[in-house]
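**Student:** Attaching a single structure in structure tokens format; questions to follow.
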Amino acid sequence: MPDLVSLSRKAPSAPGDRPAAPRKVYVHTFGCQMNASDSDRMVELLGRHAFARAETAEDADLILLNTCAVREKAEQKLLSALGRYREVKARRGALIAVSGCVAQQEKDRLLARVPYVDFVFGPDNIGKLPEMVARAERERFAETGWMDSHDYVFPQADPEAARGRPTAFVTAMKGCDNVCAFCIVPHTRGREVSRAFPEIVAECAALAEVGVREVTLIGQNVNSYAGGCTFAELLRRVAALPGIARIRFTTSHPHDLSDALVEVFRDEPKVMPHFHLPVQSGSDPVLARMRRDYTVAEYLDRFDRLRAARPGIAVTTDFIVGFPGESDADFEGSLALLERARFEQSFSFLFSPRPKTVANLRLGSGPEWQEVPRAVAVERLERLQAAQRRIAGEALAAALGKVVEVLVEGASDEPGERLGRTPENSVVHLAADEAAAPTGALVRARITRAGGSSLSGTLA
Ligand code: SF4
């Protein structure tokens, strides 16, 4: 088996040679919207350095795995993907790079663990990608240092790359200053840095110029934004942009749900009536050990004020099941909270011990940190997800017969059908052709069918 590391060294082109065809980069993105947005930024950045996007790894000169470390399973997914790309590297000498949260978590250990990975870099080093690609022609390395928050430059979206797309992610901030006991994000994304609001507003305006109708402001803890104005003010500034019809944002922390933010939902129709507000547990003792900095009652108080300010708003959430020390009563608390709040949707996961987190360090260290047996945790997760499926189905069924506004996002897999979303973020399968429901159009649809996780309708 040839030395995979040396295979990737391509001979530099001689002067006067016909300009080499652009090299191709294939990005495999794992995890959250932040990673999806970073992947787009990386392709755009390389696009300014003679790279084009490859649709498959088979065509790539650079294979970039932008990783997620939020759960153990995510790491396993990376290793099995790397195994698949090893063959491509052997066959066509592609460079393999790992970025994102596993890269930041594992650093140069990943180079030792996977000898055919050429370079590893953390989220703070995205801006150096072109020079890292050149460096990888000569050596293997890990670039995982943190940038000083004063020097950190947020990757700028290339509006041209978004031309024709109805929606776009816009980075508002990065990192997180909270230390939730189960979460690895502060270790892999660093301290909070908020992007200056004029940059964000300018990017949204430029995206509106190329036809983007809906922007989603993203950050690990976006509602703690402090980039020269408050998050509520930022939303109002973006809403003032003529071409932007819809504004969404994710992900939020309940303790940063301010009165001013609730008022934006009351006053600003462009801010969509959908709020993802992770609660994680319905038990105060568990919330305290999770270091979530609110109680169930405080969470519900904010939740109720939001629902009162914007009737019909869809609220979605996250739950962790099987957190160390979670008793039957604690879990019943989560079920009761779900029934009380009737979240339109929730994303629920088994507790996964992550390196360097408080929960991982305290696991087994006392009666209240005892590991929940896997079978018990799985049974609880199934009960919670079954209850959520019932509530989600009932919430969707309430839309039957109604006429709703849909932003058309494109074609669905079904011929003669278009796909779009309601203001509440429900997916709608629209019986229409492209002429009647072009991408980017805001259309009125009558809901004719409600499924478990989406709606169907006809043009009204
Ligand atoms: S607020 Fe979110 S990103 Fe920050 S530590 Fe907690 S769970 Fe992680």
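The values are calculated or read from the model by the stated rules, or taken from the named source; none is laboratory data. Source: prediction; values computed, not measured. Note that we place each Cβ from the backbone using ideal geometry, even for glycine, and neighbour counts take in every protein chain shown. Heavy atoms of the whole protein, side chains included, go into the accessibility calculation; ligands, DNA and RNA do not. Shrake-Rupley method; radii C 1.70, N 1.55, O 1.52, S 1.80 Å.
**Student:** If I go through the range 66-87 residue by residue, how many of them are farther than 11 Å from Gly31 by Cβ, open to solvent by less than 10 Å² (accessible area, probe 1.4 Å) and free of Cβ contacts under 8 Å to residues at least 40 places away in the same chain?
**Tutor:** 1
**Student:** Also, I was wondering about something else. Would you point out the residue of the range 40-65, among those that are more than 17 Å from the chain's Cα centre (by Cα) and among the basic types (Lys, Arg), that is most open to solvent (accessible area, probe 1.4 Å)?
**Tutor:** Checked the range 40-65; the qualifying residue most open to solvent (accessible area, probe 1.4 Å) is Arg48.
**Student:** Check every one of the helices (runs of 4 or more DSSP H) wholly within the range 140-226 and list those with 3 or more residues that are away from the ligand (no atom under 11 Å from the Cβ) and among the hydrophobic types (A, V, I, L, M, F, W, C).
**Tutor:** Hits in the range 140-226: 197-209.
**Student:** Of all the helices (runs of 4 or more DSSP H) wholly in the range 290-380, which have at least 3 residues that are of a type in the set (Asp, Glu) and over 25 Å from the mean Cα position of the chain (by Cα)?
**Tutor:** Details: elements: 296-309, 328-341, 358-362.
Hits in the range 290-380: 296-309, 328-341.
**Student:** What is the number of the single condition among (1) more than 16 Å from the ligand (Cβ to nearest atom); (2) closer than 27 Å to Gly31 by Cα that Arg289 does not meet?
**Tutor:** It is condition (1) that Arg289 fails.
**Student:** I'd like to know if the range 236-243 contains one or more residues that are open to solvent by 40 Å² or more (accessible area, probe 1.4 Å) and in contact with a Ser or Thr (Cβ under 6 Å, 6 or more places away or on another chain).
**Tutor:** Checked against the condition, which is being open to solvent by 40 Å² or more (accessible area, probe 1.4 Å) and in contact with a Ser or Thr (Cβ under 6 Å, 6 or more places away or on another chain), the range 236-243 yields no hits at all.
**Student:** Might you check whether a residue that is touching a Gly at 6+ places or on another chain (Cβ under 6 Å), assigned to a helix (DSSP H, G or I), surrounded by 20 or more Cβ atoms within 10 Å (Cβ to Cβ) and of a type outside the set (S, T, N, Q) occurs anywhere in the range 88-98? Before the answer, list the steps.
**Tutor:** Residues of the range 88-98 touching a Gly at 6+ places or on another chain (Cβ under 6 Å): none.
No - not one qualifying residue is present in the range 88-98.
**Student:** Could you please let me know if Glu409 is touching a residue at least 12 places away in the same chain (Cβ under 8 Å), assigned to a strand (DSSP E or B) and open to solvent by 30 Å² or more (accessible area, probe 1.4 Å)?
**Tutor:** The answer is yes for Glu409.
**Student:** Find all pairs meeting these conditions: Cβ atoms under 6 angstrom apart; at least six residues apart or on different chains; first residue within the range 43-56 and closer than 10 Å to Pro22 by Cβ; second residue of a type outside the set (D, E, K, R) and open to solvent by 60 Å² or more (accessible area, probe 1.4 Å).
**Tutor:** Pairs that qualify, where the first residue is closer than 10 Å to Pro22 by Cβ and the partner is of a type outside the set (D, E, K, R) and open to solvent by 60 Å² or more (accessible area, probe 1.4 Å), are Ala50/Pro22; Phe51/Pro22; Ala52/Pro22.
**Student:** Give all pairs with beta carbons closer than 8 Å in which a residue from the range 437-453 that is modelled with pLDDT under 95 meets a residue that is open to solvent by 80 Å² or more (accessible area, probe 1.4 Å); count only pairs at least 6 apart in sequence or on separate chains.
**Tutor:** Gly452/Arg389
**Student:** Let me ask something additional. Among the residues of the range 227-263, write down those that are on the phi < 0 side of the Ramachandran plot, in a loop (DSSP other than H, G, I, E, B), free of Cβ contacts under 8 Å to residues at least 60 places away in the same chain and more than 13 Å from the ligand (Cβ to nearest atom).
**Tutor:** Within the range 227-263, Gly227, Cys229, Thr230, Ala240, Leu241, Pro242, Gly243, Ile244, Ser258 qualify.
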